[in-house]
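Contents: one structure, followed by commentary.
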Amino acid sequence: MTTPRRAGAREPTDPGDRISRRAVAGYAAGSVGTGGFGTLPGLVLAYYLTDTLAVPALLATFVVIVPKVWDVLIDPLVGAISDREARSRHTRTRLMAIGALTLPVGFVATFAAPIGLSPQAAAGWVVVAFLLATTSFSLFQVPYIALPADLTDGYEERTRLLSWRIAVLALTILLVGAGGPALRDLAGGGHLGYLVMGMVVAGVLMAGMLACTIGVAGRRPPPAEQAPALSGYLEGLRTLREHRPYRILLAVFVLQALATGVMLAAAQYVATYTLDSQAALTFLFLALVGPALVVMPLWTRYAARVGKARALASASVIFLVAALSLVALPLLPTWWVYVAVGLAGVAYAGMQLFPLAMLPDVITTAGRQRGGAMSGLWTAGETAGLASGPVIVLLMLAAGGFVSSGPEEVVSQPAAAHLAIVLAFSLVPALLVLASLVVLRRYREPEVGLREPEVAGA
């Protein structure tokens, strides 16, 4: 009988746990879809509504949040279906393929509101289209998140798998987050610019998602116990109640997703109204995501020495310091803004990598048969966090008296609106990450050798 090793300890990788290069590459390619879809709407959708479709900020809040509420509701159900597919068909890829093939329809339609619609009618168009897009995305994302626990039992192999995924994720966020708005501007902005951007990005997302589906196809998950046919909600919520590491990790992840969502949604407003250049958004993204491509191997090695939880705490502290420094953004020279955002980018790489690398460890100790339900709840939490970011920004803008406009109009914003933009980009994300650090202090990494669910009290 072997003694379980703590999750922070290094251990040899069993050759049977080694993931093939094809599966690693395929899984990493999925981040093209998840990163692109998670980034671009969060970055430009609110701005598209208020500054192209002239939708008032409060109504735009409704437009942004309704499809995401729907997504939160269906994610655990998709997780339950994914678990049944894994038990009966020994694969989760059928749902992923359906999501990949249908996503472009809703995604393109979201940025294709017809010219001449009233602000209210345009808001209704975007609600319906974005709801379709988020439904397709859920079909791919939920089983995709559950895959690492299926692909290997190796603790360090999961970090290897996730490090490649996060590297591709960082590159995707860089290309889509910076390139999408740049493509919009090259196409002339306005309705046509957003349509061109939506069509090109939709094709890129579908290609990445299909490459992932093909790359991991045929990889049979390790045997898992049969689970009762509970609904996704009941199974996910039961695990949330019983499994302390999962509960704490999910709370940390949601708080940090919310911080990211707020900063992303505020970035375009900062570029336009604080830096006086809509095109500055591209450079903000280069500063935020570019460092991640360099520091990802360093974060991986650092986690191997100190453990994933301590590495996550270190990344979070760096992000907190960088975000707080941006409170003085109107008083700082432009070059300092990019330095501070670059420091946040170094931290952002770790904040993306470590929770996703920790989740498969938690799933394994809770019981792999719950993987889909746990991933469904995880995805629902991430969706809620990222979707609430634009909502918080829009509510802050509305409170500051922000004036919505059409694509050809130039309006002067009140001082309160300018202050709201700066605080949404700096202080609010910093406070959310601080709250996540408080929660993270209670986390203890599960023992990687266990196969039975670990039950802990609140």
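Among the residues of the stretch 326-342, write down those that are touching a residue at least 60 places away in the same chain (Cβ under 8 Å) and surrounded by 17 or more Cβ atoms within 10 Å (Cβ to Cβ). Passing the criteria: Leu326, Leu329, Val337.
Screening Tyr302 against (1) surrounded by 19 or more Cβ atoms within 10 Å (Cβ to Cβ); (2) over 30 Å from Val78 (Cα atoms); (3) of a type outside the set (A, V, I, L, M); (4) at pLDDT 85 or above leaves a single unmet condition, (1).
Hey, among Ala100, Ala46, which residue is surrounded by 20 or more Cβ atoms within 10 Å (Cβ to Cβ) and either polar (S, T, N, Q) or modelled with pLDDT under 90 (or both)?
Within the list Ala100, Ala46, the selection yields Ala46.
Starting from the stretch 296-320, keep only residues that are in contact (Cβ under 8 Å) with a residue 24 or more places away in the chain and outside any helix (DSSP H, G or I), then list their pairs with residues that are buried (at least 21 other Cβ atoms within 10 Å of the Cβ) and not charged (D, E, K, R) whose Cβ atoms are within a distance under 6 Å, requiring at least 6 positions of separation or different chains. Short answer, once both residue conditions are applied: none. Val128 satisfies every condition listed in (1) more than 30 Å from Val411 (Cβ to Cβ); (2) of a type in the set (Val, Ile, Thr); (3) surrounded by fewer than 17 Cβ atoms within 10 Å (Cβ to Cβ) except (1). Here Val433 meets each of (1) buried (at least 21 other Cβ atoms within 10 Å of the Cβ); (2) at pLDDT below 95; (3) within 30 Å of Phe137 (Cα to Cα) with one exception, condition (2).
Selection of the stretch 366-383 for residues being surrounded by fewer than 24 Cβ atoms within 10 Å (Cβ to Cβ) and either outside any helix (DSSP H, G or I) or at pLDDT below 75 (or both) yields Gly367, Gln369. In the set (1) of a type in the set (A, V, I, L, M); (2) closer than 28 Å to Ile318 by Cβ; (3) modelled with pLDDT of 85 or more, the condition left unmet by Ala416 is number (2). Filtering the stretch 69-81 for residues that are within 30 Å of Arg184 (Cα to Cα) and surrounded by 23 or more Cβ atoms within 10 Å (Cβ to Cβ) leaves a non-empty set. Within the stretch 180-218, the residues that satisfy the criterion of being touching a residue at least 12 places away in the same chain (Cβ under 8 Å) and either in contact with an Asp or Glu (Cβ under 8 Å, 6 or more places away or on another chain) or of a type in the set (Phe, Trp, Tyr) (or both) are Gly190, Tyr194.
The values are calculated or read from the model by the stated rules, or taken from the named source; none is laboratory data. All values reported here derive from a predicted model rather than from experimental measurement. Methodologically, a virtual Cβ is constructed for each residue, glycine included, from the backbone with ideal geometry; neighbour enumeration extends over all protein chains shown.
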